[in-house]
Amino acid sequence: MNTINTNFKKFSIFALIAISFTTQAQEEIEILSIDVTGKSINEQNYISGSYLTDKLIRFNSIKSNNSGSLLDYFTGVNSATNELSNHINLNLSSEKIASLTSITYKKFGDVSMGKNRVHGFQNWGLHSFYTEFNNFQDTMITNTNPSVQRGVGFNQIDLTNKILFSLNASSKLIINSQFSSSSDLQRFDQLNNLTLNDIPEYAQWNYGPQKRLLNSISFSSYFSSALFDDVRAIFSHQYIEESRVTRRFNNFSQK
C-alpha cells in the first residue's frame, strides 16, 4: 500500500512588548499584555491560529494563587459519547514563587444520536453502514444500530505548567509551557457518504495525530515615570503538527 500523508507543520515565534500610558490609547495597547496582580496569574496567551487563518488568537488561561498548596481533581463521564475525562491541578506557592501544573486526559468512543426526529425526516443523520479493512480488502458492513456513529472515538492529553517569579514588589516573570496531543480523529460526515453506485465513497478519512507545543516567557513591571506607567513583554514559541489522511473505498492509495 502506497502511503502519502498530507502533513502540516508550523513554527510560530512571537515577541510582544506593550507599554501602557494613562491616555485613551491604553485600551488598545492592553490587548497585547498580561495582567498579574498579587501572586495570581491571569495570563493571556498569544498563539498562532490555524494554517488557514494565520491570525493571532487570545484566551484566558488557568490561574495560580498564593494558597500554599492546592490539589484539585475531577472526573467526568458521558454516556452519549462514551466519554471518560480526568483532570488534575497541582498548585504550589511561596512568598516569591508560584507554580501550577495541570493534566487533562479525555477519551471518547462511539457517539449515540437521539432517536426522536420531530422534523419528520426519520432517516436523517442515520449511520446505516461502516467499513472494515480485512485481508487487503474493504468491506461495507450494515450497522445494526444506525443511531450509533461507529469508529469516531479518539483520545487527547493536555499538559500545562506555569511558574511565576516575583522579582520584586513591582516586577514579575512567568514561564509558561503547554503540550497537547490527540489520536486520529475520524471525519464522520465524509465516511457516511455514498457514491452513485451506493458504495462508500471513502474507507478512510481522518485527521492524523495532532500535536501542539507552546513555550513562553512573560515579564511585567509596574512603576510610574514621566513616560509610562508599566512595561510588559511576552516572548513565545509554538510548534504545531497536524495531518489529513484519506483513502477511497477499495483503493490502496492514501492521500
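Tabulated results
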item	result
Conditions (1) in contact (Cβ under 8 Å) with a residue 24 or more places away in the chain; (2) within 13 Å of residue 130 (Cβ to Cβ): number failed by residue 178	(2)
Subset of segment 230-248 [crowded, with 17+ Cβ neighbours inside 10 Å and of a type outside the set (Val, Ile, Thr)]	230, 232, 233, 236, 238, 242, 247, 248
Segment 132-175: number of residues that are in a strand (DSSP E or B), of a type outside the set (Phe, Trp, Tyr) and within 23 Å of residue 83 (Cα to Cα)	8
Pick from segment 92-111, criterion of a type in the set (S, T, N, Q) and at pLDDT 90 or above, ranking: farthest from residue 184 (Cα to Cα)	99
Hits in segment 185-200 (condition: touching a strand residue (DSSP E or B) at 6+ places or on another chain (Cβ under 9 Å), in a loop (DSSP other than H, G, I, E, B) and either of a type in the set (A, V, I, L, M) or crowded, with 16+ Cβ neighbours inside 10 Å (or both))	187, 192, 199
Condition broken by residue 117, with the remaining ones in (1) surrounded by 10 or more Cβ atoms within 10 Å (Cβ to Cβ); (2) closer than 30 Å to residue 171 by Cα satisfied	(2)
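The values are calculated or read from the model by the stated rules, or taken from the named source; none is laboratory data. Only a predicted model underlies this, so the values are computations on that prediction, with no experimental measurement involved. With ideal geometry, Cβ positions are generated from the backbone for all residues, glycine too; neighbour counts draw on all protein chains shown.
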